[in-house]
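Peer 1: Here it is, the structure in full.
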Amino acid sequence: MQIRFMKVASAALCLGLLSACGGGGGGGDAGGGGGGVTTPSQASAAETSRFLIQSTFGPNETEIEALRTSSFNAWITAQQALPLGPLALDYLNTRRTEIRAANPQADVSANQFYEYFWREAVTAPDQLRQRTRFALSQIFVISFADPQMNARGLASYYDMLGRNAFGNYRQLLEDVTLHPMMGVYLTHMANQKEDPNTGRSPDENYAREVMQLMSIGLFELNNDGTLKLDASGNPIPTYTAADISALAKVFTGFSWYAATPTNSTFAGSGRNDASFVTPMIAYPNFHSISEKRFLGKVIPATTTPDPAGDLRFALDTIFNHPNVGPFISRQLIQRMVTSNPSPAYVNRVANVFNNNGSGVRGDLGAVVRAVLMDSEARNMSAGVDANFGKIREPIIRMTGVMRAFGATSTNGLWPINSTSASTSLGQSPMASPSVFNFFRPGYSPPNTKIGALGLVAPEMQIVDEVTVAGYMNTMQTAINTGIGTSSDVRLNLTKEMAVASDPAALVDRVNYLLTYGNMTSARRQQIIDAVTAVAIPSGTNVTQAQIDAALLNRSKLAVYLTVVSPDYILQR
């Protein structure tokens with residue numbers, strides 16, 4: 001028996017998805033005040049599984065049991081001490097050599113990056129770094145959706161995010177600014193100074209987006225992330241059009257790396273492998289020397305261009321803006337823990353951004369620890385607050401299943417191509433349709449309880465009837481036969497089959513791995529009933545193969561009905 005019937009069996013669960021999300025898309029003030037919490041010396045399996053759901057691409061049984069004998073703080077320390085693992089650029093270079101052995105004119109593409117991403121997300125030991133750099137990739141966005149994006153260049157950009165995941169925000173901001181793929185994506189590559197004679201003005205794209213999306217946001221914030229208001233009760237803009245125009249002048253005169261820079265290499269002549277993966281360099285002749293007045297600071301006019309000095313001054317100005325702490329902290333909380341963190345939660349994490357306890361501003365390693373160890377993140381009672389939590393985005397749902405059930409790649413390449421189609425997952429890594437990511441941090445779905453409560457549910461921006469069905473069908477295939485080219489990536493349900501003769505035991509195991517025991521009693525009984533309906537043959541003529549086939553189908557059904565249920569889709 002196959003699991004084709006699962007679409008019908010799960011319909012009652014999934015029809016409630018949108019309304020369920022309307023009842024609980026985000027976080028609240030559950031858990032109250034207080035900063036970090038002390039993890040018990042022996043955390044429960046549920047507490048541990050929930051922590052790993054927030055901090056990794058998904059827990060597995062081995063990691064849950066190992067962590068229960070340690071502490072969450074110690075685990076974070078150990079994870080942050082792990083060296084940077086295999087690089088995406090190295091992987092793509094190796095794959096290019098292999099591909100060109102068959103066709104010398106061929107080159108790597110987004111598909112080879114996806115291979116790397118899925119392999120590392122599912123199997124890499126440095127899970128906290130993996131999850132953090134994925135979160136950063138959704139704030140500092142570049143995308144394969146840009147037809148000019150170079151696959152090796154994007155791979156090196158993703159490596160850069162991993163290198164900076166626990167480093168300092170100021171360094172990350174500089175590395176993002178000078179990366180050639182960001183230069184291509186937000187069009188400040190080969191940005192030229194103004195020319196009054198021709199009417200040319202510097203490209204303002206990056207100047208605008210680095211403020212709006214990557215640092216300070218549109219409006220002035222209190223340290224707890226709430227809006228500052230003027231005397232009339234209106235939000236106060238953080239910058240003006242004049243600020244954008246002035247800051248754009250700072251980003252002039254930077255272009256492709258070249259061992260011997262010339263006006264031609266500034267324009268892109270002679271681009272080679274190194275230029276796509278090496279930070280942009282300064283070409284002083286193309287850099288603006290006029291006054292640059294932005295965010296209350298001034299770079300005076302000069303007769304000698306100083307692109308490096310102007311850039312340093314501008315990035316320092318942005319870095320020290322009081323909005324950065326709450327703006328970045330809130331988004332990291334949203335990506336890892338809850339969509340609507342309380343102001344108190346944001347304030348505590350922003351305080352760590354502002355000062356890690358040793359007088360250092362922008363320590364991302366300390367910020368990530370604060371996000372995960374905050375009392376609201378760790379308070380198990382928060383899970384019963386209808387306003388706490390977040391929707392797991394489709395990629396996180398898929399990696400969660402793969403990691404929980406020991407997915408492996410038959411050919412070792414993890415050949416999962418684009419999953420962006422609405423009939424698939426509706427999302428692929430590093431392939432958002434715009435600089436605003438797949439979903440905006442402030443998105444509130446219209447005509448829902450979420451909006452009526454003044455809450456946000458960012459991931460709902462990519463949810464509709466088609467993507468719900470696409471997700472269900474994709475998960476059905478992945479669980480039943482595998483995912484990727486020739487269904488290469490497959491789950492291992494051996495342990496589930498071992499208990500599948502007892503439907504309750506099977507469902508409890510799946511509940512433990514995927515929803516940290518948070519499945520509702522009604523849902524648990526629904527799935528037990530569905531699993532029980534898959535009969536296990538008996539009798540003198542029944543073969544072990546027939547019994548195993550029934551046990552496997554029971555296991556697949558239990559996993560499938562769980563991953564399409566609100567209990568899994570809503571990370572609480």
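Peer 1: List every residue pair whose Cβ atoms lie under 6 Å apart, where the two residues are 6 or more positions apart in sequence or sit on different chains, the first residue falls within segment 450-467 and is at negative phi and assigned to a helix (DSSP H, G or I), and the second residue, located anywhere, is at pLDDT below 95 and small (G, A, S).
Peer 2: Qualifying pairs under 6 Å: I450/G22; I450/G25.
Peer 1: Any chance segment 95-111 includes a residue that's in contact with a Ser or Thr (Cβ under 9 Å, 6 or more places away or on another chain), crowded, with 23+ Cβ neighbours inside 10 Å and touching a residue at least 40 places away in the same chain (Cβ under 8 Å)? Before you say what the answer is, go through the steps one by one.
Peer 2: Filtering segment 95-111 down to residues in contact with a Ser or Thr (Cβ under 9 Å, 6 or more places away or on another chain) leaves 110-111.
Then keep just the ones that are crowded, with 23+ Cβ neighbours inside 10 Å; that gives none.
Taking every residue of segment 95-111 in turn, none turns out to be in contact with a Ser or Thr (Cβ under 9 Å, 6 or more places away or on another chain), crowded, with 23+ Cβ neighbours inside 10 Å and touching a residue at least 40 places away in the same chain (Cβ under 8 Å).
Peer 1: Being within 23 Å of K449 (Cα to Cα) and of a type in the set (A, V, I, L, M) narrows it down to one of I395, I391, so name that one. Steps first, answer last, please.
Peer 2: Details: I395 fails: within 23 Å of K449 (Cα to Cα).
The conditions single out I391.
Peer 1: Looking only at segment 533-557, count how many residues are within 37 Å of the chain's Cα centre (by Cα) and not aliphatic (A, V, I, L, M).
Peer 2: Residues meeting the conditions: 4.
Peer 1: Could you list, in sequence order, all residues of segment 181-218 that are touching a residue at least 12 places away in the same chain (Cβ under 8 Å) and within 21 Å of the chain's Cα centre (by Cα)?
Peer 2: Hits for segment 181-218 are M181, M182, Y185, L186, E209, V210, M211, L213, M214, S215, I216, G217.
Peer 1: Being in contact (Cβ under 8 Å) with a residue 12 or more places away in the chain, in a helix (DSSP H, G or I) and hydrophobic (A, V, I, L, M, F, W, C) is the requirement here; does M519 meet it? Break it down stepwise before answering.
Peer 2: Numbers: in contact (Cβ under 8 Å) with a residue 12 or more places away in the chain: yes; in a helix (DSSP H, G or I): no; hydrophobic (A, V, I, L, M, F, W, C): yes.
Spelling it out, it is not the case that M519 is in contact (Cβ under 8 Å) with a residue 12 or more places away in the chain, in a helix (DSSP H, G or I) and hydrophobic (A, V, I, L, M, F, W, C).
Peer 1: Determine, yes or no, whether D243 is surrounded by 14 or more Cβ atoms within 10 Å (Cβ to Cβ), of a type in the set (D, E, K, R) and free of Cβ contacts under 8 Å to residues at least 60 places away in the same chain.
Peer 2: Numbers: surrounded by 14 or more Cβ atoms within 10 Å (Cβ to Cβ): yes; of a type in the set (D, E, K, R): yes; free of Cβ contacts under 8 Å to residues at least 60 places away in the same chain: yes.
Taking the combined requirement at face value, the residue satisfies it.
Peer 1: Quickly run through segment 219-233 and pick out the residues that are in contact (Cβ under 8 Å) with a residue 40 or more places away in the chain and assigned to a loop (DSSP other than H, G, I, E, B). Even if it seems obvious, please write down each step before you answer.
Peer 2: Residues of segment 219-233 in contact (Cβ under 8 Å) with a residue 40 or more places away in the chain: 220-226.
Listed by number, the residues that qualify are E220, N222, N223, D224, G225, T226.
Peer 1: Does at least one position in segment 479-496 carry a residue that is under 27 Å from the mean Cα position of the chain (by Cα), farther than 17 Å from T408 by Cβ and part of a loop (DSSP other than H, G, I, E, B)?
Peer 2: Scanning segment 479-496, I find no residue that is under 27 Å from the mean Cα position of the chain (by Cα), farther than 17 Å from T408 by Cβ and part of a loop (DSSP other than H, G, I, E, B), so the answer is no.
Peer 1: Name the single residue that is farthest from V298 (Cα to Cα) among those in segment 236-253 being outside any loop (DSSP other than H, G, I, E, B) and within 29 Å of the chain's Cα centre (by Cα). Step through it out loud before you land on a result.
Peer 2: Taking segment 236-253 and keeping what is outside any loop (DSSP other than H, G, I, E, B), we get 237, 241-250.
Within this subset, residues satisfying the condition of being within 29 Å of the chain's Cα centre (by Cα) are 237, 244, 247-248.
Working: P237: 19, I244: 13, L247: 10, A248: 13 Å.
Filtering segment 236-253 for residues that are outside any loop (DSSP other than H, G, I, E, B) and within 29 Å of the chain's Cα centre (by Cα), the one farthest from V298 (Cα to Cα) comes out as P237.
Peer 1: Only one of these is hydrophobic (A, V, I, L, M, F, W, C), in contact (Cβ under 8 Å) with a residue 24 or more places away in the chain and touching a Ser or Thr at 6+ places or on another chain (Cβ under 6 Å): A504, A431. Name it.
Peer 2: Values: A504 fails: touching a Ser or Thr at 6+ places or on another chain (Cβ under 6 Å).
A431 is the lone residue from the list that is hydrophobic (A, V, I, L, M, F, W, C), in contact (Cβ under 8 Å) with a residue 24 or more places away in the chain and touching a Ser or Thr at 6+ places or on another chain (Cβ under 6 Å).
Peer 1: Restricting attention to segment 383-394, and to residues there that are farther than 11 Å from V337 by Cα and either crowded, with 23+ Cβ neighbours inside 10 Å or among the charged types (D, E, K, R) (or both), which single residue is modelled with the lowest pLDDT?
Peer 2: Checking each candidate, the answer is D385.
Peer 1: Which one of the conditions (1) among the basic types (K, R); (2) within 16 Å of P341 (Cα to Cα); (3) surrounded by 20 or more Cβ atoms within 10 Å (Cβ to Cβ); (4) out of contact with any Ser or Thr (no Cβ under 9 Å at 6 or more places or on another chain) does R397 fail to meet, given that it meets all the rest?
Peer 2: Going through (1) among the basic types (K, R); (2) within 16 Å of P341 (Cα to Cα); (3) surrounded by 20 or more Cβ atoms within 10 Å (Cβ to Cβ); (4) out of contact with any Ser or Thr (no Cβ under 9 Å at 6 or more places or on another chain) one by one, R397 breaks only (2).
Peer 1: Just give me the residues in segment 275-316 being more than 34 Å from the chain's Cα centre (by Cα), of a type in the set (D, E, K, R) and under 24 Å from P237 (Cα atoms), in sequence order.
Peer 2: Initial filter on segment 275-316 (more than 34 Å from the chain's Cα centre (by Cα)): 283-293, 298-306.
Checking the rest, the ones that are also of a type in the set (D, E, K, R) come to 291-293, 306.
Residues satisfying the conditions are E291, K292, R293.
Yes/no matrix, rows are residues, columns are (1) crowded, with 16+ Cβ neighbours inside 10 Å; (2) modelled with pLDDT of 95 or more; (3) in contact with a Leu (Cβ under 8 Å, 6 or more places away or on another chain):
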{"position": "A404", "(1), (2), (3)": "yes, yes, yes"}
{"position": "G412", "(1), (2), (3)": "no, yes, no"}
{"position": "P415", "(1), (2), (3)": "yes, yes, no"}
{"position": "A421", "(1), (2), (3)": "no, yes, no"}
{"position": "L425", "(1), (2), (3)": "yes, yes, no"}
{"position": "M430", "(1), (2), (3)": "yes, yes, yes"}
{"position": "P433", "(1), (2), (3)": "no, yes, no"}
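Peer 1: So if I check each of V510, V489, V563, V499, which one is in contact with a Leu (Cβ under 8 Å, 6 or more places away or on another chain), buried (at least 16 other Cβ atoms within 10 Å of the Cβ), under 30 Å from E465 (Cα atoms) and among the aliphatic types (A, V, I, L, M)? First the steps, then the outcome.
Peer 2: Values: V510 fails: in contact with a Leu (Cβ under 8 Å, 6 or more places away or on another chain); V489 fails: in contact with a Leu (Cβ under 8 Å, 6 or more places away or on another chain); V499 fails: under 30 Å from E465 (Cα atoms).
Criteria check complete, one pass: V563.
Peer 1: I would also like to ask the following. Having 1 or more residues that are under 26 Å from Q461 (Cβ atoms) is the bar; report the helices (runs of 4 or more DSSP H) wholly within segment 300-406 that clear it. Spell out how you get there, then give the answer.
Peer 2: Details: elements: 307-319, 324-336, 343-354, 364-373, 375-378, 394-404.
Per the criteria, 324-336, 343-354, 364-373, 375-378, 394-404.
Peer 1: Let me ask something additional. I'd like to check something: does segment 236-243 contain any residue that is in contact with a helix residue (DSSP H, G or I) (Cβ under 8 Å, 6 or more places away or on another chain) and not hydroxyl-bearing (S, T, Y)? Spell out how you get there, then give the answer.
Peer 2: Initial filter on segment 236-243 (in contact with a helix residue (DSSP H, G or I) (Cβ under 8 Å, 6 or more places away or on another chain)): 238-239, 243.
Checking which are not hydroxyl-bearing (S, T, Y) leaves us with 243.
Within segment 236-243, one or more residues are in contact with a helix residue (DSSP H, G or I) (Cβ under 8 Å, 6 or more places away or on another chain) and not hydroxyl-bearing (S, T, Y).
Peer 1: Then there's this: On the given criteria, is T177 in a helix (DSSP H, G or I), polar (S, T, N, Q) and within 18 Å of P441 (Cβ to Cβ)?
Peer 2: Values: in a helix (DSSP H, G or I): yes; polar (S, T, N, Q): yes; within 18 Å of P441 (Cβ to Cβ): no.
Considered against the rule, which asks whether it is in a helix (DSSP H, G or I), polar (S, T, N, Q) and within 18 Å of P441 (Cβ to Cβ), T177 comes out as no.
Peer 1: Okay, moving on. Is there a residue being aromatic (F, W, Y), modelled with pLDDT of 95 or more and closer than 30 Å to Y345 by Cα anywhere in segment 217-226? I'd like the intermediate steps shown before the answer.
Peer 2: At the first step, the residues of segment 217-226 found to be aromatic (F, W, Y) are 219.
Now narrow it down to the ones that are modelled with pLDDT of 95 or more: 219.
Pick out the ones that are also closer than 30 Å to Y345 by Cα and you get 219.
Yes, segment 217-226 contains at least one residue that is aromatic (F, W, Y), modelled with pLDDT of 95 or more and closer than 30 Å to Y345 by Cα.
The values are calculated or read from the model by the stated rules, or taken from the named source; none is laboratory data. Values in this document were obtained by computation on a predicted structure and should not be read as measured data. Positions of Cβ are backbone-derived with ideal geometry, glycine not excepted, and every protein chain shown enters the neighbour counts.
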